[in-house]
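Q: Sharing a structure with you now.
No value in this document is a laboratory result; all are computed from the given coordinates. As the structure is a prediction and not an experimental result, all values here were calculated from the model. Every residue, glycine among them, receives a Cβ derived from its backbone with ideal geometry; neighbour counts consider all protein chains shown.
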Amino acid sequence: MQNYADAIKDFVESHATGLTVALVAGVGLLALRRWMAGGVCRSKVSLEGKTVLITGANTGIGKETALDMAQRGARVILACRDMNRARIAADEIRQKSGNGNVVVKKLDLASLQSVRDMAKDVQETEERLDILINNAGIMMCPKWETEDGFEMQFGVNHLGHFLLTNCLLDLLKKSAPSRVVVVSSLAHQRGHIHFDDINLDKNYKPEVSYGQSKLANVLFTRELAARLKDTGVTAYSLHPGVIRTELGRYFFPKLALWKKIVASIVMRIVKDPWEGAQTTIYCAVEEKLANESGLYYSDCAPKTPAPQALDDAAAKKLWDLSASMVGLA
């Protein structure tokens with residue numbers, strides 16, 4: 001026993017520096033992980049008798065948001081492109097929440113006709129809509145086009161949700177006080193609205209397209225809030241954080257090996273979907289936000305967005321352009 005103890009002592013003494021570095025690194029990673037986790041929505045508000053519609057709710061933060069809404073007693077509509085995955089997600093949410101009032105509806109944001117069809121279905125079958133959460137998105141994909149010929153990221157992330165929101169505004173107003181929550185991203189800070197080449201036909205880069213679409217989300221929310229003043233409908237945009245979801249499916253395989261290794265390590269400390277959904281949930285239910293509208297949030301707190309996201313003239317210009325593109329003008 002003594003020899004064993006001496007061996008341990010000798011090992012510790014001879015590897016003191018390495019052990020110290022490992023300990024400090026471990027503590028640092030733990031602290032970083034806790035910091036990355038971000039804020040948590042503390043509201044316990046019930047949503048009994050309320051209806052919530054969430055786009056892209058069959059996976060990731062959309063699914064976690066849907067589960068939370070169901071646990072609060074809401075009627076939850078999962079608006080998804082893949083109906084098979086949506087039905088599986090709905091079954092899981094019903095089972096976990098004990099709330100059987102979870103339904104699925106077909107929505108392909110890359111098709112304006114699909115958006116109109118689902119909106120019409122909701123208008124005809126739902127008596128109310130208290131919370132609309134524009135969550136679905138696509139990131140860093142190749143130069144693809146939507147069914148209507150729009151650049152895919154701008155078309156799905158912005159135009160599809162722009163049309164959906166406008167189509168459902170009457171029902172939201174009827175159900176007031178109600179809310180529109182738009183999931184944007186910190187990537188809006190690098191974004192610029194290319195009014196002279198909105199589909200980026202001249203020089204397409206996935207990251208430029210994504211930044212434009214996420215800036216459009218913030219500007220849309222800002223203009224929407226202005227247009228809905230005194231209607232009882234409020235609007236919020238947000239950055240959910242860096243999250244382990246399927247959103248990176250298009251760019252991760254293209255990374256160099258060393259970048260994949262680094263990314264794999266980073267993914268171990270970023271937010272999981274439950275943590276990533278917290279700011280969305282906060283904007284959807286937090287009581288103290290009832291008299292706020294048009295602001296941008298991160299980690300369950302208001303944050304100042306990039307200067308270009310505060311440009312009211314650009315927000316109005318984008319609204320007018322978007323309305324023309326989707327046939328509302």
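Q: What order do you get for 300-313, 120-133 when each peptide is scored by the mean count of other beta carbon atoms within 10 Å, highest first?
A: 120-133, 300-313
Q: Using label points projected 7 Å from each Cα along Cα→Cβ, tell me how many nm separate ASN101 and ASN291, to one decimal.
A: In this crude spin-label approximation the distance works out to 2.9 nm.
Q: Where in segment 134-159 does the label zone of ASP197 land, with the point 7 angstrom along Cα→C-beta and an amide N cut-off under 20 Å?
A: 140-146, 149-156
Q: Strictly over 19 Å apart at the Cα level, which of LYS44/LYS271; LYS44/LYS288; LYS120/LYS174; LYS173/LYS214; LYS96/LYS174; LYS214/LYS316 would you flag in this model?
A: LYS44/LYS271; LYS173/LYS214; LYS96/LYS174
Q: While we're on this one: Report the extension gain between GLU124 and SER324 in nm, rounded to one decimal, defined as 0.36 nm multiplied by the number of residues separating them, less their alpha carbon distance.
A: The span from GLU124 to SER324 would gain 69.5 nm if fully extended.
Q: If r is the Cβ-Cβ distance from TYR204 to GLU48 and R0 is 41 Å, what FRET efficiency results, to the nearest 0.05?
A: 0.30
Q: Considering only DSSP states other than H, G, I, E and B, which trypsin sites (Lys or Arg not before Pro) in segment 35-78 qualify as loop sites with at most 12 other Cβ atoms within 10 Å?
A: ARG42, LYS44
Q: If you don't mind, there's one more thing I want to ask. By the gyration tensor of its Cα atoms, with a ≥ b ≥ c the square roots of the eigenvalues, what is the shape of segment 38-326: rounded for a/c under 1.5, prolate for a/b over b/c, or oblate?
A: It comes out rounded by the Cα gyration axes.
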